[in-house]
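Reviewing the structure listed below.
Computed from the coordinates by the stated procedures, all read-outs in this text should not be read as laboratory data. Keep in mind that this is a model prediction, so the values were computed, not measured. Cβ atoms come from the backbone with ideal geometry, glycine included; neighbour counts cover every protein chain shown.
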Amino acid sequence: MKLESHITIRLSGIFIITLFAWSLIYFYLQMTEIHDGIDEGLNNLKQEFVYKANRSPGFVTDMEKHNPLNIIIKKISYEQARDFKEIYSNTKVYFTTEEEEEEVRMLTTAFFCEQDNQYYQVKFFTSTVESEDLIKNMIYLLLALWICLAIAIAVVIKVVINKSNRPFYQLLDNLKGFRLDNTKMIELPDTNITEYTELNASVKSLLEENINAFTEQKNFIENASHEIQTPLTIVISKIELLMAKEDITKSQIEELNAILNSLNRMKRLNSSLLLLSKIRNKQFADSEHVNLRYIFEDVLSNFSDIIDHKNITVSIRKNNDTIAQMNKDLAYILANNLIKNAVSYNLKGGNIEIVFDTDSLTIANDGNNINLDLDIFERYVSATGNSKSTGLGLSIVKSIANIYNFHITYQYKEKKHHILLQFN
């Protein structure tokens, strides 16, 4: 859920609850006011009635005979009148003309008539039809008010929040497009909101620090690799010259050869680490649609000598062209490391099988079982413990896969090592 939607829902909910509570209070106060007005009218009628009953001979008798529509009167005893309390109530009375019961507001009271020394119970009532209509109108108006206000509040809040949060969303979009290897500061949106101004300053400071750290690290790795590579090449050349001298003994050649192997491994390791660093720093930015079948076939030709030497049989199954969106140089590096791994760790007279599908490729080779607890894609992991291996080949493959969100898995089954690369 987006931030503006989250805030709009929360604020709209609070406004609606507040409005509902206010409406209930308003409704209660209005009804109390209506009932107070009706009750005051009934009380005035009662006082007028008692006044006339005590001043006019025969008034009560006439009332009993004619029984007016809004007054009900009957005689009661002293005992009944003594503890009688006035009651205001809502009740229903049958009206002959309407042929139905109607809701009325009724005052039930008792009084002593001085004209005939008799206690009476009197019920005064008045129709509440008008008040009911008023109540209905109030409810309809409140409902209309709720709906209109809810819509207006939701729209206004959404517009206001969206406008206020525009710098935030612009910053978010700019951050999504930011690439550390580009070493270019993103454009920070202008805003007069204090919090977003502080956010811009924090983001700018953080990105500048990361860009500087990345640039320094990149330069250091490249410079260090170059500085190491140069003396290694010189030393290797001098050792090869020493080994070519005629007066050198066999034992000296063996010692120099061991040194040369170590130096060559160090040279390969240095090159692989530099390549791995460049891959993980995303320095291979350009990408295109690459047909991996052609790439693998091209790389296979470079390994033809060692494949023939180990008497390895290579079979390629082309179910479909395997197209991947990636940097072409990285595609060659990917193919080179996977094929090199399949050749190096294969058995003499073994097999390599490569299967190309639309969204995946599988490369399988014969080989001895390995420790399944090992993660062959980790740095410096060599399943065979070969001293000539840098242990970085499959780590480089994994890094390339991670850049493009390819899914890579390894299995050992039927005495074969299977590496599956999926592109979707």
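Can you pull out the trypsin sites (Lys or Arg not before Pro) in the stretch 19-106 that DSSP calls coil and that have at most 15 other Cβ atoms within 10 Å? Please report the intermediate quantities before stating the final value.
Working: sites: Lys46, Lys52, Arg55, Lys65, Lys74, Lys75, Arg82, Lys85, Lys92, Arg105; in loops: Lys85.
Listed in order of number, the matching sites are Lys85.
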If I fit a long axis through the Cα atoms of helix 393-403 and take the longest principal axis of the Cα atoms of the chain, what angle between them do I get, 0 to 90°, rounded to 10?
30
With a 10 Å cut-off between alpha carbons and a GNM built on the chain, which of Ser277, Ser23, Ser164 moves the most?
Ser23
Please give the helix 292-302 orientation as an angle from the longest Cα principal axis of the chain, in degrees from 0 to 90, rounded to the nearest 10.
20
Note down the nm distance, to one decimal, between modelled labels 7 Å out along Cα→Cβ at Ile147 and at Lys310.
7.8
Run lengths n ≥ 4 of DSSP H only: what is the helix-derived mean residue ellipticity at 222 nm for the chain, with -39500 (n - 2.57) per run over all residues, to the nearest 500?
-19500 deg cm²/dmol
Added length on full extension, which subtracts the Cα-Cα distance from 0.36 nm per residue, Arg166 to Asn44
37.4 nm
Given (1) 77, 47, 39; (2) 160, 54, 39; (3) 63, 54, 38, which label gives Cα extents along the principal axes in Å as computed from the coordinates?
(2)
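Based on the Cβ-Cβ distance of Ser271 and Ile9, what FRET efficiency does E = 1/(1 + (r/R0)^6) give at R0 = 51 Å, to the nearest 0.05? Each step should come with its number before you reach the end.
Details: r = 56 Å, r/R0 = 1.11.
My answer for the efficiency is 0.35.
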Can you compute the FRET efficiency between Asn264 and Thr409 using 1/(1 + (r/R0)^6), with r the Cβ-Cβ distance and R0 = 25 Å? Round to the nearest 0.05.
0.20
Using the Kirkwood radius over Cα pairs, work out the Stokes-Einstein diffusion coefficient for the stretch 3-159 at 25 °C and 0.890 mPa s, in µm²/s as a whole number.
127
Treating only the Cβ of Lys, Arg, Asp and Glu as charged (+1, +1, -1, -1), what charge dipole size does the stretch 288-422 show about its Cα centre? Round to the nearest 20 debye.
300
Under 22 Å between alpha carbons, and skipping anything fewer than 8 positions from Lys46 in its own chain: which lysines qualify?
Lys65, Lys74, Lys75, Lys85, Lys92, Lys123
Within straight cross-link reach of Lys158, meaning Cα distance under 23 Å, which lysines are found once same-chain residues fewer than 8 apart are removed?
Lys2
Using r as the Cβ-Cβ distance of Ala154 and Met185, and R0 as 56 Å, what FRET efficiency do you calculate, to the nearest 0.05?
0.90
Principal-axis tilt of helix 194-243 within the chain, Cα atoms, nearest 10 degrees
10
Run the simple label-point estimate for Glu86 and Asn257 please: 7 Å along Cα→C-beta, distance reported in nm.
12.6
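Which entries in Lys267/Lys415; Lys245/Lys267; Lys250/Lys398 show an alpha-carbon gap greater than 31 Å?
Lys267/Lys415; Lys250/Lys398
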